[in-house]
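Scroll down for the structure; my scribbles are underneath it.
Just so it is clear, none of the values below were taken in a lab; they were calculated from the coordinates. Predicted, not measured: the structure shown is a model, and the values here were computed from it. Counting neighbours? That spans all protein chains shown, and the Cβs are built from the backbone with ideal geometry, glycine included.
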Amino acid sequence: MTGFAQVKGQVADPQITVPGKSPMGFTLSLKSVNHRFLDVHFRMPSDSEALEMKLRRLLKEKLARGHVELTLNLERGGSESFALNRQIAGGYVQAFRAAAAEFGLAAEPDLNAVLRLPGALDAAALPADGALETAVLNKVGELLNHLNQMREEEGRGIERELRQRMAHVQQAGEGVEKHRQTVLQTYAERLKTRMQELIGSQVEPQRLLQEAALLVDRSDIQEELVRLDTHVKHFLGLLDQGGEVGKKLDFLLQEMNREANTLLSKTSGLAGEALKITEMGLAIKTEIEKAREQVQNIE
């Protein structure tokens, strides 16, 4: 299910919160969109692989499906927005002066050139004592709660729609049942007329009766209607149960679609009342397909 949540926090690090320095803050954002499986992506500062592993484990424990993206942005006010990598900058300056002395040049290194070196500036360097990791992990529970509140609100809307779809499927199934006997009677009468024509051509009557019985039995859709109704009741029971039922609901909808296809194939080629069954069978398939679109959003 889709959702978005964001929390802010600060790092409780004495080395950062000394007078004259702004404390490091951070923004933790979590976004999820529909996906058949759990697909987690991170946008994190460099050198935070250990924190990413812990966050990945927490998300897998709490989320079952969805394309999930977690973003961590670090914030430090004033002149502390960037930290100078002294090792890189110092090495460049030392090498520059050594080269100038060797060739007898009166020159000084350009600060702009130093700052353009890869890695010379680190945006909001991470505390070395794990203070950031602790602060972020303490905010994950709040972040997931906000996300799940939004996802649950969407889920309630999806549940209402799915129940409506299943009600339409049941109504169409009841309509098919009403026309089923009429169709069978019409079909049997057509077979009887055809049999009489064939008997006149000296075909064995008993053999014709057996073939007619088989044809009528193959055209009966009672079993499909019973299984369809059973699947709908099971589907509604899973909605009542709650929890991680998305994959089970998807499987049931596949079974419903199979029954609807069989129902249509058994009644194809017949006119009259059978056309009404075809219309209702197509309506059932439409409701099932719309339900399957929504079920992809459910854990």
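Below is a table of values for the structure above.
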{"read-out": "Whole-Hz ³J(HN,Hα) from phi, Karplus 6.51 cos²θ - 1.76 cosθ + 1.60, for segment 156-167, glycine and proline x", "value": "5, x, 5, 4, 4, 5, 5, 5, 5, 4, 5, 5"}
{"read-out": "Positive minus negative residues near TYR92 (Lys, Arg vs Asp, Glu; Cβ under 13 Å)", "value": "+1"}
{"read-out": "Potential extension, ASP110-THR230 segment - 0.36 nm per residue separation minus Cα distance", "value": "35.3 nm"}
{"read-out": "Links that overshoot a 28 Å alpha carbon limit, given the list LYS31/LYS54; LYS248/LYS276; LYS178/LYS248; LYS178/LYS233; LYS60/LYS285; LYS233/LYS276", "value": "LYS248/LYS276; LYS178/LYS248; LYS60/LYS285"}
{"read-out": "Sequence ranges 279-291, 93-105, 62-74, ranked by mean other-Cβ count within 10 angstrom, highest first", "value": "279-291, 62-74, 93-105"}
{"read-out": "Using θ = phi - 60° and Karplus 6.51 cos²θ - 1.76 cosθ + 1.60, couplings along segment 57-66 (whole Hz; Gly, Pro as x)", "value": "5, 5, 5, 5, 6, 9, 10, 10, 9, x"}
{"read-out": "Under 5 Å, built H, 5+ apart or other chain: amide partners of ASP39", "value": "GLY66, HIS67, VAL68"}
{"read-out": "Residues SER268, SER29 arranged by fewest to most Cβ contacts within 10 Å", "value": "SER268, SER29"}
